[in-house]
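One structure is given below, encoded as C-alpha cells.
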Amino acid sequence: MIAFIIRRLFASIGVLIAVGLIAFVLFRYIGDPVNQMVGIETPESERVALRQQLGLNDPAPVQALRFLANAARLDFGISYQFKQPVSELIGARMPATLELAFVASIMSLVAGIPMGVYTALHRRSALAKLFEALSLVGISLPTFLIGILLIYLFAVTLGWLPSFGRGDVVHIGSWWTTGLLTKSGLKSIIMPAITLALFQMTLIMRLVRAEMLEVLRADYIRFARARGLSERKVHFRHALKNTLVPVITVVGLQLGSIVAFSIITETVFSWPGMGQLFLQSVQNVDIPIMAAYLLFIAFLFVIINLVVDLLYAAVDPRLRVAIHGA
Amino acid sequence: MTAPLLSVKDLRVEFATRRGPLTALDGVSFDLAPGEILGVVGESGAGKSLTGLAIIGLLDPPGRIAGGEIRLAGERIDNLPPEAMRKIRGRRIGMIFQDPLTSLNPLLRIGDQLVETILTHTSLTQRQARERALALLTEVGIPAPEKRIDGYPHEFSGGMRQRVVIALALCAEPALVIADEPTTALDVSVQAQIIAVLKRLAREHHAAVILITHDMGVIAETADRVAVMYAGRIAEIGRVDEVVRDPLHPYAKGLMAAIPTLEGRAARLAQIPGAMPRLSAIPPGCAFNPRCPNVFDRCRIERPPPLAIGTRRAACWLYDRGEVASPAKEAVS
Ligand SMILES: Nc1ncnc2c1ncn2[C@@H]1O[C@H](COP(=O)(O)OP(=O)(O)O)[C@@H](O)[C@H]1O
Ligand code: SF4
Ligand SMILES: [Mg+2]
C-alpha cells in the first residue's frame, strides 16, 4: 500500500512538473512581462534594468527551473493588475471557492445518489419519471440560466435569499475564512451551491441509475435472491455497494470540475472566489494569475485522482490485492 | 413412490414481446420424490434454466408463468405473493447457478455472505451462524476454513468458489436444490469433484436435486431419473438406466448415441441434422418433426402428449397405443 502511494506520488509530481512547464511557457512567452508591469512612459533604461532584475535575460531552461522552484514554494510572482503577490491573491479567494464547491458536492451527492437508486429500483413509478424529467432539465439548462432563474425567484420576487456576495465571514486560522458559521453566510451560499450542484447531481443520478440497473442484472444479485435475502438486503447491501465502485471515479473527477465550473456560478452570484479572479485575470491578460490558477487546477485533479484510487482500494478488495501485490 | 416433494404440472412460461407472447416452456410436467436426483438434459435453449427459474420464482420479466401449477410438498407455490415466495427461496428451495466466478458478490467476504444467508433463515445468533458457516465450509471440502472464511471470492479458485456456492445454497437445509449447469464454467479436472460434493451433500442433507447439465455422462453417474428437454417441452422422462440404455424418443436416441460407452468403443457422435427451432418458429405438431428420422404425417399436424410407456413417458407419436417394440429397435443411423 505504502509503495503504491509513493509510486502514485511520483507520477503526480511528474504531471505537476509538466503542467508547470506549460504554465511557464504561458507566463514567459505570451506577451512581454516587462511591458505588462511598467507604464507607457517608463524609460527604456528602467525596462532593461527590470528585465535583468527579473532574470528574463537568462537562458530559457534556467528561467523554467526558477519558475518551477518558485512555484513549488507557492511563489507565482506579482499580479500585473493588482501589484500584489499572486499567492496572496489566490489564497484570499480560495476559501470562498472551495467552500462553495464543497457544499455543492455534498448537495449533489446527497440528492443524486438516492435519486439514482430510487429511479433504478422503481423504474415505472411516477416519482422516478419526474426525477428523470428533472434530470433532463438539469443537464440541458445552462448554469447561468439556472442561477438567474433562482435569483429572480428567491432574491428578487420572494426576497428570501441574497443575490450576491458571500455574506459575513469568520476567520479561521491565519488565512481561511468561512461563511458557514454565520446566518448571512449560510443564506448566501444556498443559491450558488444549488446552481453549481444541479448539473453534477443530474450526472450522478443518471450514472448511479445506469450502474445500479447494470448491477441488478448481475449473477450475484440473482444468487442473493435465490438465497432468499430480503429485497432491502439485495438492493442496499449487495447492489448499492457494487454500484458505487465505478461511480467513485466519475464523482471524484466531477468534484474537480465543480471547482472549474464555479467560474460561471461565481460570476452570476458575484461570489468572491478564484473563478472570478481568474476571469478578471483573463480580461486583463494577468498572466501570473492565469499560470498559478492553471497549476492549482492541475494540483486539484492530481489530488482527486490519488484519493479516488485509495477509495477504490478501500471499497473493492480485488484492487486492494492488486495494489498490495504490485 | 412416496408423495412427491415437487410436482410440476403443465407448466407454461411465456415472454411478452411486442409481437405477442413467445412460449418458452409448454406443457412441462414432472414429479420429484424427496431425496431424488433428477437430471435435466437438452441442447442449449431447450428451456432447462427457465424450468429451474420458474420453480424458484425468479423468472425475469417479461418472462412469466402463464399456465400450469407448481406444488412443493403439496402446496402451490407458483402463485404465492413475492414475500411468501422469498421465504421459500433459500430455505426450502436452493439454487446454484452456472458460473461460480460471478455468483458470489465480489465485495463481500464469503463468511459474511454465508452468515447473512444463515441469519435470514434461522434464529441463530451471529456467533452461532459463523460456527455454522465454518461447519458448512468444512463439509464442502474447503481446507482450513477458519483461515478462508474471511477471504473474498477472488481469493478462491473456480472449484473452491463453486463449493462455497454449494454451501450457500445448502445453508438452510432446503428440501430441493436446483443446480443449473454447476460445473459447465469449471475446469474439466474439478468438474467431477464438484458433482461428487453436490451429490454427497444432497444425500447427507436429504435434499432432492434437479441437476441441469448437458453432460450425459454426469447424468448417467449421478441422477436417479432424467428428463430430456427439447424446444421447451419434455421429450422423454424416466429412470436414468432405462433412458440412457434404451431411449425411446428419437431426439433422446440421438442425444444418447453421443455418449462414449463403457466398452471403450466411443460411439460415433450421432449428428442429428438441423438445429433446434427458435421460440418464434416452433413447427406445428411435434416440435422435433423437421429433424426426426422417424417422422410421419401425424407428427406434422398433431402435437404428441407425454405417453406413458412402462415407468417412463415420451412425447412421441411412435408410442401411441404403446407400440414400443418396433421403432425402439431401429437405431438412429
Ligand atoms: N428474456 C427472454 N426473452 C425472450 N426469450 C428468452 C428470454 N430468456 C430466455 N429466453 C428463451 O427461452 C428459451 C429457453 O432458455 P433457457 O431455459 O435459458 O435454455 P437452456 O436450456 O439453455 O437453459 C431460449 O430459447 C431462450 O432464447
Ligand atoms: S412425434 Fe413424430 S416427429 Fe416427433 S419425435 Fe415422434 S416420430 Fe419424430
Ligand atoms: Mg441454461
Might you let me know whether region A:167-183 holds any residue that is within 17 Å of A:F102 (Cα to Cα) and among the basic types (K, R)?
-> no
Does A:S270 qualify as being modelled with pLDDT of 85 or more, away from every other protein chain (no Cβ under 14 Å) and either within 18 Å of A:F144 (Cβ to Cβ) or crowded, with 21+ Cβ neighbours inside 10 Å (or both)?
-> yes
Could you list, in sequence order, all residues of region B:193-237 that are part of a strand (DSSP E or B), in contact with a Pro (Cβ under 9 Å, 6 or more places away or on another chain) and more than 14 Å from ligand 1 (Cβ to nearest atom)?
-> B:A208, B:E236, B:I237
Filter result for B:G68 (crowded, with 16+ Cβ neighbours inside 10 Å, in contact with a Phe, Trp or Tyr (Cβ under 7 Å, 6 or more places away or on another chain) and more than 8 Å from chain A (Cβ to nearest Cβ)) = no
Could you tell me which residue of region A:248-263 is nearest to the other protein chains (Cβ to nearest Cβ), considering only residues that are under 23 Å from A:R318 (Cβ atoms) and touching a residue at least 60 places away in the same chain (Cβ under 8 Å)?
-> A:I248
Does region A:122-141 include one or more residues that are under 30 Å from B:M95 (Cβ atoms), assigned to a helix (DSSP H, G or I) and within 14 Å of chain B (Cβ to nearest Cβ)?
-> no
Could you list, in sequence order, all residues of region B:227-261 that are β-branched (V, I, T), crowded, with 22+ Cβ neighbours inside 10 Å and more than 16 Å from ligand 3 (Cβ to nearest atom)?
-> B:I237, B:V243
For residues that are away from ligand 1 (no atom under 16 Å from the Cβ) and of a type in the set (V, I, T), scanning just region B:172-192, find the one that is nearest to A:L229 (Cα to Cα).
-> B:V177
Before we move on, is B:M85 at pLDDT below 95, part of a strand (DSSP E or B) and either of a type in the set (F, W, Y) or touching a helix residue (DSSP H, G or I) at 6+ places or on another chain (Cβ under 9 Å) (or both)?
-> no
When you go through (1) over 24 Å from the mean Cα position of the chain (by Cα); (2) away from chain A (no Cβ under 11 Å); (3) acidic (D, E) one by one for B:D112, which number turns out not to apply?
-> (2)
Being open to solvent by 40 Å² or more (accessible area, probe 1.4 Å) and either more than 21 Å from A:I297 (Cβ to Cβ) or touching a residue at least 24 places away in the same chain (Cβ under 8 Å) (or both) narrows it down to one of A:L89, A:L100, A:L141, so name that one.
-> A:L141
Given the structure, is B:R303 modelled with pLDDT of 90 or more and not in a loop (DSSP other than H, G, I, E, B)?
-> no
Hey, could you check region B:74-94 for residues that are over 20 Å from B:L211 (Cβ atoms) and small (G, A, S) and say which is farthest from ligand 1 (Cβ to nearest atom)?
-> B:G74
Filtering region B:25-53 down to residues that are open to solvent by less than 40 Å² (accessible area, probe 1.4 Å), within 25 Å of B:G74 (Cα to Cα) and near ligand 1 (Cβ under 9 Å from one of its atoms) yields B:L25, B:V40, B:G47, B:K48, B:L50, B:T51, B:G52, B:L53
Looking at region A:144-163, is at least one residue assigned to a loop (DSSP other than H, G, I, E, B), out of contact with any helix residue (DSSP H, G or I) (no Cβ under 6 Å at 6 or more places or on another chain) and closer than 23 Å to A:F261 by Cα?
-> no
Note on A:A128: of the conditions (1) touching a residue at least 12 places away in the same chain (Cβ under 8 Å); (2) touching a Ser or Thr at 6+ places or on another chain (Cβ under 8 Å); (3) open to solvent by less than 70 Å² (accessible area, probe 1.4 Å), unmet is (1)
Can A:Q63 be described as out of contact with any Ser or Thr (no Cβ under 6 Å at 6 or more places or on another chain) and open to solvent by 60 Å² or more (accessible area, probe 1.4 Å)?
-> no
Within region B:12-37, residues being more than 16 Å from ligand 3 (Cβ to nearest atom) and among the aliphatic types (A, V, I, L, M) number 5
Would you mind stating whether A:V234 is within 17 Å of A:M115 (Cα to Cα), more than 8 Å from chain B (Cβ to nearest Cβ) and free of Cβ contacts under 8 Å to residues at least 60 places away in the same chain?
-> no
Note on region B:244-287: residues among the β-branched types (V, I, T), modelled with pLDDT of 85 or more and away from ligand 1 (no atom under 16 Å from the Cβ) are B:V244
Within region A:70-94, the residues that are in contact with a Gly (Cβ under 7 Å, 6 or more places away or on another chain) and closer than 17 Å to A:L54 by Cα are A:A71, A:V86
Look through region B:78-109, keep the residues that are over 27 Å from A:N242 (Cβ atoms) and surrounded by fewer than 20 Cβ atoms within 10 Å (Cβ to Cβ), and return whichever of them is farthest from the other protein chains (Cβ to nearest Cβ).
-> B:N79
State whether the residues of region A:45-55 include one that is within 18 Å of A:I287 (Cβ to Cβ), among the charged types (D, E, K, R) and either touching a residue at least 12 places away in the same chain (Cβ under 8 Å) or in contact with a Gly (Cβ under 8 Å, 6 or more places away or on another chain) (or both).
-> yes
Residue pairs meeting the criteria (Cβ under 9 Å; at least 6 apart or on separate chains; first within 16 Å of ligand 2 (Cβ to nearest atom), in region B:170-189; second not small (G, A, S)) | none
State yes or no: is A:G173 of a type in the set (G, A, S) and open to solvent by less than 60 Å² (accessible area, probe 1.4 Å)?
-> no
Can you name the condition, by its number, that A:W175 falls short on among (1) closer than 20 Å to A:E266 by Cα; (2) touching a residue at least 40 places away in the same chain (Cβ under 8 Å)?
-> (1)
Hey, could you check region B:160-193 for residues that are of a type in the set (G, A, S) and within 12 Å of chain A (Cβ to nearest Cβ) and say which is most open to solvent (accessible area, probe 1.4 Å)?
-> B:A185
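The values are calculated or read from the model by the stated rules, or taken from the named source; none is laboratory data. Just so it is clear, the model here is predicted, and its values are computed rather than measured. With ideal geometry, Cβ positions are generated from the backbone for all residues, glycine too; neighbour counts draw on all protein chains shown. We work out accessible area using only protein heavy atoms, side chains counted, and drop any ligands, DNA or RNA first. Shrake-Rupley method; radii C 1.70, N 1.55, O 1.52, S 1.80 Å.
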